[in-house]
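Structure first, commentary second.
The values are calculated or read from the model by the stated rules, or taken from the named source; none is laboratory data. Predicted model only: the values in this text are computed from it and were never measured. Cβ placement follows ideal geometry from the backbone for every residue including glycine, while neighbour counts extend to all protein chains displayed. Ligands, DNA and RNA are stripped out before the accessible areas are found, and what is left, the full protein with its side chains, is counted by its heavy atoms. Shrake-Rupley method; radii C 1.70, N 1.55, O 1.52, S 1.80 Å.
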Amino acid sequence: MTRAISALLMGLFYVLAGINHFRDPDFYLPMMPDYLPAHFLLVQLSGVAEIALGLGVWIKPLRRWAAWGVIALLIAVFPANLHVALHDIPLGDNPEGLGVFNWVRLPLQAVLIAWAWWHTRPDPEQTGS
């Protein structure tokens with residue numbers, strides 16, 4: 001039951017985050033490092049990935065694979081989060097960057113990866129362990 005609730009919440013988190021990439025792409029564009037091409041397309045692709053993986057987490061036969069996809073996505077977007085921290089990039093309507101809070105939020109990636117990783121593990125209720 002705990003795992004099902006966790007999957008529901010995790011899927012909802014990623015579906016809503018992915019939708020936000022389309023609702024407010026200008027929020028994400030400043031995060032993109034200069035060395036990456038096609039910033040708008042990458043924002044859209046990451047939104048599609050978040051929506052698809054969030055939905056995948058809700059589908060029990062796909063959950064483990066979707067969770068691995070979430071981990072891969074979090075690793076892929078980490079350079080953008082690091083870019084925000086290194087350059088104190090203002091996001092949204094903020095006229096300035098968030099300073100130290102940009103650095104504080106970086107370890108959140110590890111928490112999100114751990115959460116997804118938990119869903120890659122066999123469910124003890126199904127294995128009898």
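Observations
- Whenever a residue of the range 93-112 is farther than 12 Å from residue 81 by Cα and free of Cβ contacts under 8 Å to residues at least 40 places away in the same chain, its partners that are surrounded by 11 or more Cβ atoms within 10 Å (Cβ to Cβ) and β-branched (Val, Ile, Thr), lying with C-beta atoms within less than 8 angstrom and at least six residues away or across chains, give the pairs 97/84; 97/89.
- Exclusive hit being part of a helix (DSSP H, G or I), of a type outside the set (Gly, Ala, Ser) and open to solvent by 80 Å² or more (accessible area, probe 1.4 Å), set 115, 103: 103
- The range 1-22 residues that are open to solvent by less than 100 Å² (accessible area, probe 1.4 Å), paired with ones that are assigned to a helix (DSSP H, G or I) and acidic (Asp, Glu) (beta carbon under 8 Å, 6 or more apart): 3/125; 14/50; 15/50; 17/50; 18/50; 21/50
- Some residue of the range 90-100 being open to solvent by less than 30 Å² (accessible area, probe 1.4 Å), modelled with pLDDT under 95 and either charged (D, E, K, R) or in contact with a His (Cβ under 8 Å, 6 or more places away or on another chain) (or both): yes
- Test result for residue 65, touching a residue at least 60 places away in the same chain (Cβ under 8 Å), out of contact with any Phe, Trp or Tyr (no Cβ under 8 Å at 6 or more places or on another chain) and within 21 Å of residue 6 (Cα to Cα): no
- Test: residue in the range 110-121 that is of a type in the set (S, T, N, Q) and more than 30 Å from residue 1 (Cβ to Cβ): no
- Among residues of the range 65-113, those that are in contact with an Asp or Glu (Cβ under 9 Å, 6 or more places away or on another chain) and small (Gly, Ala, Ser), counted: 3
- Filter pass, residue 37 being touching an Asp or Glu at 6+ places or on another chain (Cβ under 6 Å) and exposed (fewer than 14 other Cβ atoms within 10 Å of the Cβ): no
- Residue within the range 83-94 that is part of a loop (DSSP other than H, G, I, E, B), of a type in the set (A, V, I, L, M) and at positive phi present: no
- Test for residue 43: is it touching a residue at least 60 places away in the same chain (Cβ under 8 Å) and either small (Gly, Ala, Ser) or crowded, with 16+ Cβ neighbours inside 10 Å (or both): no
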